[in-house]
Every structure is written in C-alpha cells, then in structure tokens.
Amino acid sequence: IAGAGDREEITIDAPQASRTHLYVDSATLNGKKHNSSWADGSLVRRGGSLSFEVSDRANTGWATDPGTLPH
C-alpha cells in the first residue's frame, strides 16, 4: 500500500495463503514476532512490514492473550 502525505509504505505478505490455507498461524511485524490480531496506527504513520504464516487449521492459541487486546 503506497502512502500519501505523511504516511509511509506498508508491505503485507502471506506467501502460503490459498483457498485451503486461510487461517493465521503466526505473524511478524517489522521482523519481530507479533502476537496480536491488530496493529496500532504507527504502522500506517511509519510504514513497515506485516507478514503472516497461514495454515489450513485455526491456531486457537495465537492472539488470544488478553494482554494483547487494544487499550
């Protein structure tokens, strides 16, 4: 996604995504493990990369920690 104004470029990648591999198994944000199902506005303001590993089954342990909820 190319930014406009003060926004930077965002790269979103899920190379294994397919009709059968549509569940998020894990994620990285700017190369670091990301255990949350959301990203704050800094991703839009500063840009960065968000990468997903996907699976054919739901990972019921990913992004379930109450401490990762938006506040």
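The values are calculated or read from the model by the stated rules, or taken from the named source; none is laboratory data. Keep in mind the model is a prediction, meaning the values are calculated, not measured. Note that each Cβ is placed from the backbone with ideal geometry, even for glycine, and that neighbours are counted across all protein chains shown. Accessible surface areas use protein heavy atoms only, side chains included; no ligands, DNA or RNA. Shrake-Rupley method; radii C 1.70, N 1.55, O 1.52, S 1.80 Å.
Scanning region 28-39 turns up no residue that is open to solvent by 80 Å² or more (accessible area, probe 1.4 Å), in contact with a Lys or Arg (Cβ under 9 Å, 6 or more places away or on another chain) and of a type in the set (Ser, Thr, Tyr). For region 23-61, the candidate set comprises residues that are free of Cβ contacts under 8 Å to residues at least 12 places away in the same chain and not small (Gly, Ala, Ser); within that set, the residue that is farthest from ILE12 (Cα to Cα) is THR60. I'd like to check something: does region 56-71 contain any residue that is touching a strand residue (DSSP E or B) at 6+ places or on another chain (Cβ under 7 Å), modelled with pLDDT of 90 or more, surrounded by 15 or more Cβ atoms within 10 Å (Cβ to Cβ) and of a type in the set (Gly, Ala, Ser)? No: zero hits.
For region 41-55, the set of residues classified as open to solvent by less than 80 Å² (accessible area, probe 1.4 Å) and more than 23 Å from THR20 (Cα to Cα) consists of GLY41, SER42, LEU43, VAL44, GLY47, GLY48, SER49, listed by residue number. Among the residues of region 1-53, the ones that are at pLDDT below 95, under 23 Å from LEU69 (Cα atoms) and charged (D, E, K, R) come to 3 in all.
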